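S.K.: Following this message is one structure expressed as structure tokens.
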Amino acid sequence: MEMQSGGKMMGFLVILLVLFIEMAAPTTASRNSFSTQILEVQNQLKLLNKPAVKSIKSPDGDIIDCIKLSHQPAFDHPMLKNHKIQMTSNFHPEGVFGENKVASKMKPGSSRNVTQMWHLNGRCPEGTIPIRRTRKDDLLRASSIKAFGKKRHKTIPQPKSADPDLITQSGHQHAIAYVDGDKYYGAKATINVWEPKIQQPNEFSLSQIWILGGSFGEDLNSIEAGWQVSPDLYGDNHTRLFTYWTSDAYQATGCYNLLCSGFIQINNEIAMGASIYPVSSYHDSQYDISLLVWKDPKEGNWWLQFGNSYVLGYWPAFLFSYLSDSASMIEWGGEVVNSESDGQHTSTQMGSGHFPKEGFGKSSYFKNIQIVDGSNNLRVPKDIATFTEQSNCYDVQTGKGGNWGSYFYYGGPGRNANCP
């Protein structure tokens, strides 16, 4: 009897072992799915990472590849196969080069110039452009290969929406200044640079300029530039220079930086998506970047300038429908993702993480905000309005005067006693 009982027990254990092996072993379908994903990742890396003339290891862990100007991702676009690169814009907005550079000494109301961290270890030669190398882990963090480097649909701040729920349903929140009701041919601002704390890896915090055309439906055109902290996109919490574009409200077109064909870079010194260095500290040294986007009246291309010296490149006119003529709205300000992962408002910071009322050295700012008018002149915009979904979480406060021109402080800590 004991042997029979032991035999049954042994048989039972064998069955359990077989079941365990079957459960643990990947099925043919899952193996094929995994193989397909690996192949997709390898193909996308090959598409994004062009052969480099030189590679530079940045102190922050990035690898910056110096790519021949004519080999950049933009020229994967079928409509750019025979494109002749414009090395200069035919027209430049009046009043840019005559302005003084940012002061280098720290005093009330002043700030310092910034550069990029990879510059500490080298530069790219003439005839090349610097591109931050995309790694396997970058792609695997994305929800899909197709979604990599793209914003989600309906993330744009809509100040005049009749239904506030439409604005917040995407989980994105904003604190912005804006102008509309005219034709705009560009915008400029000097933006205070910080390193806001991010609560969840799938959240981000950014500060940027939006150049908008069309309606807030399915056909919105947008050109964007600024700085962002996005662990999901970059794999860390560094503050990075970024650009974005879309011609269909973030559905199928456009991407961040050079992660798809579109933006044509001509500058060999500034890398899209690379870390900005140094950043501002609370009640200490303040650093900012100046960004200018303008439309070339002759060719119709939209150009981007960083600081007073670096013309980075352009978005070809054919990428857009509404913006092929002009922009109908300009927005400046901050945006965060509020995922409410624990049922409460996120503690992801916007700007410095402090409210506008704290002022210089504590709260983040945009200063010298300007638009480019139909005569290709930079001028102070009229009738600047502000918008924020929840001012107890993130707020905005405008001002005017002195060498700051039109300016505003913005941002906040997110979750707090008044923003549960």
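The values are calculated or read from the model by the stated rules, or taken from the named source; none is laboratory data. All figures in this text were calculated on a predicted structure; none of them were measured in a lab. When we count neighbours, we look across all protein chains shown, and the Cβ atoms used for this are built from the backbone with ideal geometry, even at glycine. Note: accessible area is taken over every heavy atom of the protein model, side chains too, but ligands, DNA and RNA are not part of it. Shrake-Rupley method; radii C 1.70, N 1.55, O 1.52, S 1.80 Å.
S.K.: Please compute the net charge surrounding SER352, taking Lys and Arg as +1 and Asp and Glu as -1 over other residues with Cβ under 13 Å from its Cβ. Spell out each step's value before the answer.
M.R.: Values: positive: LYS197, LYS357, LYS362; negative: GLU195, ASP284, ASP288, GLU358, ASP395.
Computed value for this residue: -2.
S.K.: Which net charge results when you count Lys and Arg as +1 and Asp and Glu as -1 among the other residues whose beta-carbon is under 10 Å from that of HIS174? Spell out each step's value before the answer.
M.R.: Details: positive: none; negative: GLU331, GLU335, GLU389.
Net charge in that neighbourhood comes out at -3.
S.K.: Roughly to the nearest percent, how much of the accessible area of region 165-411 is carbon and sulfur, given a 1.4 Å probe?
M.R.: Numbers: 3280 of 7640 Å².
Roughly 43 percent of what the probe reaches on region 165-411 is carbon or sulfur.
S.K.: Roughly how many Å² of MET87 are accessible to a 1.4 Å probe, to the nearest 10?
M.R.: MET87 has an accessible surface of roughly 100 Å² with all protein chains in place.
S.K.: Please work out the FRET efficiency for the pair THR398 and GLU299, using the Cβ-Cβ distance as r and a Förster radius of 41 Å; give the result to the nearest 0.05.
M.R.: Numbers: r = 34 Å, r/R0 = 0.84.
The formula returns an efficiency of 0.75 here.
S.K.: Subtracting the Cα-Cα distance from 0.36 nm times the residue separation, let me have the gained length for GLU218 to ARG379 in nm, one decimal.
M.R.: Working it through step by step, the gained length comes to 54.9 nm.
S.K.: In terms of the Cα gyration tensor, with a ≥ b ≥ c the square roots of its eigenvalues, is region 165-411 rounded because a/c is under 1.5, prolate because a/b exceeds b/c, or oblate?
M.R.: On the way: a/c = 1.37, a/b = 1.25, b/c = 1.09.
Rounded shape, in that the Cα axes give a/c under 1.5.
S.K.: Picking from ASN192, TRP315, SER285, whose Cα lies most toward the positive end of the charge dipole for region 165-411 (charges on Cβ: Lys, Arg +1; Asp, Glu -1)?
M.R.: SER285
S.K.: Please give, to one decimal in nm, the separation of the simple spin-label points placed at LYS183 and ARG123, each 7 Å out from Cα toward the Cβ.
M.R.: Spacing of the two 7 Å Cα→Cβ label points: 4.1 nm.
S.K.: Nearest 20 debye, what's the magnitude of the dipole of region 165-411 about its Cα centre given +1 on Lys and Arg Cβ and -1 on Asp and Glu Cβ? Don't skip to the end; give the middle numbers.
M.R.: Values: 12 positive and 26 negative charges, 169 e Å.
Charge dipole of region 165-411: 820 debye, to the nearest 20.
S.K.: Please give the FRET efficiency for PHE318 paired with ILE63, using the beta carbon to beta carbon distance and R0 = 45 Å, rounded to the nearest 0.05.
M.R.: Working: r = 32 Å, r/R0 = 0.71.
It comes to 0.90.
S.K.: Simple spin-label model, 7 Å along Cα-to-Cβ: LYS357 to GLU389 in nm?
M.R.: So the two model labels end up 2.3 nm from each other.
S.K.: So which aspartates and glutamates can LYS197 reach, going by Cα to Cα under 19 Å and dropping same-chain residues fewer than 8 places off?
M.R.: Partners found: ASP60, ASP232, ASP236, ASP284, ASP288, GLU335, GLU340, ASP342, GLU358, ASP395.
S.K.: So, one more: Counting only the backbone N, which residues of region 45-60 are under 18 Å from the spot 7 Å out from the Cα of HIS71 toward its beta-carbon?
M.R.: Under 18 Å, as judged by backbone N against the label point of HIS71, lie 45-57 of region 45-60.
S.K.: In nm, give the distance between the simple-model label positions of GLN251 and ASN90, each being 7 Å from the Cα along the Cα-to-Cβ direction.
M.R.: 3.2 nm
S.K.: Checking the cross-link filter: which aspartates and glutamates have an alpha carbon closer than 16 Å to that of LYS382, excluding same-chain neighbours under 8 positions apart?
M.R.: Once the sequence-local aspartates and glutamates are set aside, what remains near LYS382 is ASP180, ASP182, GLU331, ASP373.
S.K.: Then there's this: Residues with amide H under 5 Å of HIS345's amide H, sequence separation 5 or more or different chain, H placed in the peptide plane at 1.01 Å from N; which?
M.R.: none
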